[in-house]
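What follows is a short report on a single structure.
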Amino acid sequence: MSKQKKTSILCIRCPKGCELKVSNNKKDIKVEGNECRIGLEYAIEEIKNPVRIVASTISILNSNYPRLPVRTKDTIPKNKIKKVIETIRGVTIKAPIKQGQIIIKNIANTGSDLIAERDMERVKN
Amino acid sequence: MKDVVVIGGGPSGVACAVTLFDKGFDVGIIEINEELGGLLDQCIHDGFGTKLFNEGLSGPEFASRFIEKLDKSTVEIMLNSFVKSVNPSDKTKEITCITPQGVKKVQTKSIVYAIGCRERNEYEILIGGSRPTGVLTAGAVQRLVNLYGILPGKNVIIVGGGDVGMIVARHLFLEGINNIFMVYPEEFFTGLPRNIQQCILDFDIKFQPQTIVKNIIGSEHIEAVELVKVDENWNPINGTEKTVKCDSLILSVGLIPYSDKLEEIGAKIDSYTNGPVVNEYFETTVNGVFAIGNLVQIFDYVDDAVETAFIAADGVEQFLKNKTHKKDGFINLKPGENVNCLTPQRIDKFLDEISIFFRPGITCKTPKILLINKEGKILKKFSKPFVRPSTLENLKIPLKIIENEDEVSLHVKAKED
């Protein structure tokens with residue numbers, strides 16, 4: 001037991017928020033602290049392939065605001081968040097932009113596009 | 001003259017205006033900012049709309065679902081307009097507002113207030129020391145960062161373990177601030193579990209429970225804070241003070257319904273919610289004046305706030321069509337044991353089923369939730385798998401079981417072991 005890696009995860013599938021203790025010895029995954037099956041499934045998914053939506057902002061010219069909110073269209077692997085953020089940083093685009101418009105295709109090779117969260121009208125030349 | 005004017009162009013206000021337009025009324029909406037969307041403009045993270053649209057949208061995406069409908073309608077939209085005063089007389093109500101075209105007077109038969117909430121600030125919680133620059137509320141930081149790209153500093157201390165504080169911590173981290181430290185007086189974070197995981201644990205953001213800021217240090221700009229540990233009653237423990245350097249302090253210490261404007265026109269304010277006293281249609285104690293969204297009480301999900309807009313739209317319709325087939329009298333609904341606040345506070349017997357929202361005062365599994373009359377008789381038992389103060393709960397009460405009472409109260413009791 002002592003050699004196993006134990007990870008603590010907070011279950012986010014319902015407001016109860018069980019604290020899950022997950023031990024992973026490569027062969028099988030053991031979950032403790034879950035009060036239902038959903039928690040078990042969540043813990044296994046979180047250990048095998050945790051995914052997230054990443055939202056941030058990029059610089060935009062000629063618009064009402066200097067920042068445009070953007071996000072990944074689909075979930076991306078959690079370990080790629082840093083890569084996505086590094087790719088976003090320093091990107092500048094020009095208004096007008098439409099909501100849902102693709103800003104960066106297949107960002108950081110995640111398979112997901114980076115899209116604009118809102119319209120941004122052109123207000124300056 | 002308008003049938004109804006909505007004051008406030010946030011998600012609840014816009015949803016209400018659209019719904020009233022669809023019902024065939026002549027509607028106006030007044031917004032103080034240059035665009036509609038309210039708080040959601042700055043909430044760029046995902047997770048909005050899971051109840052209403054069954055998908056996780058960002059704030060601007062959620063807002064645009066309703067704004068697009070409003071843009072296609074003939075609702076009169078007044079942007080950059082500030083409501084100076086309101087005359088809520090029974091027949092014709094008059095709103096005086098300051099617009100880019102000058103002072104305007106708008107006549108209307110009814111009004112829906114949707115002006116949301118405000119953040120508590122350093123003057124409302126006990127923080128000692130000086131008042132230098134660099135002390136900001138979390139909402140202000142969110143706006144500065146997400147719309148203007150202005151960061152508050154490089155060494156940030158966040159006070160408060162609720163949702164807003166956690167979300168701001170993540171944004172700051174993703175914008176390149178590595179030195180973030182959160183403190184809060186409770187034993188554990190008070191926000192939603194998903195935010196604890198996805199905002200704090202995912203990025204290893206440092207935090208210290210049972211700690212508050214005792215003093216702010218700095219003459220012109222903030223230089224440091226003096227932290228102190230607290231016991232379970234939030235009393236500082238002498239000798240545990242520690243000074244930590246920082247260049248900004250972000251306060252995420254709660255939201256309060258912005259009910260001052262309603263108080264001005266004579267609406268009764270509830271001391272539990274800090275919002276107006278409303279009936280099941282979200283009508284205030286002022287005839288024909290309704291209140292919705294975070295102005296009524298603080299909602300965890302925008303979906304729930306928008307739900308109040310839909311219910312109030314039915315109420316406005318009822319009011320405008322002068323239908324009065326309600327039963328005589330009204331019922332006071334009061335928060336009882338372990339209920340921090342609830343709405344509606346008053347039931348006017350309009351609807352067969354009343355949707356109530358309440359905030360539990362305790363954390364416990366399978367609590368007994370009881371509706372009790374003045375004589376102590378249990379009228380109905382409800383069950384929930386789990387309650388905690390950070391999650392606003394919703395119940396549907398059939399009018400039938402309470403219609404002969406004049407006062408009922410809601411209680412949450414921990415299950416006996």
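Computed from the coordinates by the stated procedures, all read-outs in this text should not be read as laboratory data. Predicted, not measured: the structure shown is a model, and the values here were computed from it. Virtual Cβ from ideal backbone geometry, glycine too; neighbours counted across all protein chains shown.
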By the C-alpha gyration tensor axes a ≥ b ≥ c (rounded if a/c is under 1.5, else prolate when a/b exceeds b/c, else oblate), the shape of segment B:1-65 is oblate
Set B:Lys261/B:Lys396; B:Lys206/B:Lys242; B:Lys109/B:Lys349; A:Lys16/A:Lys80, cut-off 19 Å on Cα-Cα distance; pairs above it are B:Lys261/B:Lys396; B:Lys109/B:Lys349; A:Lys16/A:Lys80
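Using Cα pairs closer than 8 Å and at least 6 residues apart in sequence, work out the relative contact order for segment A:57-117, in percent.
Reported relative contact order: 42 percent.
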Ranking A:Ser112, A:Pro96, A:Asn64 by how far each Cα lies towards the positive end of the charge dipole of chain A (+1 on Lys and Arg Cβ, -1 on Asp and Glu Cβ), the top one is A:Ser112
In terms of the alpha carbon gyration tensor, root eigenvalues a ≥ b ≥ c, rounded if a/c is under 1.5 and otherwise prolate when a/b exceeds b/c or oblate, segment B:329-417 is prolate
If amide H atoms are modeled at 1.01 Å from N in the peptide plane, then the residues at a separation of 5 or more from B:Lys334, or on another chain, having amide H under 5 Å from its own are B:Val408, B:Ser409, B:Leu410
Out of B:Glu31, B:Glu68, B:Glu407, a Gaussian network model of chain B with alpha-carbon springs under 10 Å gives the largest mean-square fluctuation to B:Glu68
For chain B, the helices passing both cut-offs (Cα extent along own axis of 18 Å or more, Kyte-Doolittle mean at least -1.0, full DSSP H runs) are B:59-72, B:302-320
B:Glu407 and A:Lys105 label points (each 7 Å along its Cα→Cβ direction) are spaced in nm at 6.9 nm
Asserting the computed 222 nm helical MRE of chain B (DSSP H runs at least 4 long, -39500 (n - 2.57) per run, divided by residue count, to nearest 500) equals -5500 deg cm²/dmol
Here the relative contact order (percent) of chain B, from C-alpha pairs under 8 Å and at least 6 apart, is 14 percent
Projecting the Cα atoms of B:Val156, B:Gly361, B:Val408 onto the charge dipole of the protein assembly as shown, where Lys and Arg contribute +1 and Asp and Glu -1 at Cβ, the residue farthest towards the positive end is B:Val156
Given 20 °C, 1.002 mPa s and a Kirkwood radius over Cα pairs, the Stokes-Einstein diffusion coefficient of segment A:5-48 in µm²/s is 211 µm²/s
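Expressed as a fraction of 2.2 N^0.38 Å, the rule-of-thumb size for a compact globular protein of N residues, what is the C-alpha radius of gyration of segment B:184-231?
1.41
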Here segment A:43-55 yields Karplus 3J(HN,Hα) values (6.51, -1.76, 1.60; θ = phi - 60°; whole Hz; Gly and Pro given as x) of 4, 5, 5, 5, 7, 6, 8, x, 10, 9, 8, 10, 10
A correct Kirkwood calculation over the Cα atoms of chain B returns a hydrodynamic radius in Å of 22.8 Å
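I need the fraction of alpha carbon pairs in chain A separated by more than 19 Å, rounded to a whole percent.
Looking at chain A, the distances longer than 19 Å represent 59 percent of pairs.
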One finds the C-alpha centres of segment A:78-102 and segment B:175-208 to be spaced, in Å, by 24 Å
A:Glu41 neighbourhood, Cβ < 12 Å, K/R = +1, D/E = -1, net charge +1
For B:Val86, the net charge from surrounding residues (Cβ-Cβ under 9 Å; K, R +1; D, E -1) works out to +1
Residues other than B:Asp202 with Cβ under 10 Å of its Cβ, Lys/Arg counted +1 and Asp/Glu -1, net out at +2
Residue-ordered couplings for segment B:113-120, obtained by feeding phi - 60° into the Karplus form 6.51 cos²θ - 1.76 cosθ + 1.60 and rounding to whole Hz (Gly and Pro as x), are 8, 9, 9, x, 10, 10, 8, 6
Taking only the Cα positions of the protein assembly as shown, the convex hull volume per residue in Å³ is 180 Å³
Here, B:Ser89 and B:Arg118, labelled 7 Å along Cα→Cβ, have an inter-label distance in nm of 3.0 nm
Gyration tensor on Cα atoms of segment B:121-253, a ≥ b ≥ c root eigenvalues, a/c under 1.5 rounded, else prolate if a/b beats b/c, else oblate, says oblate
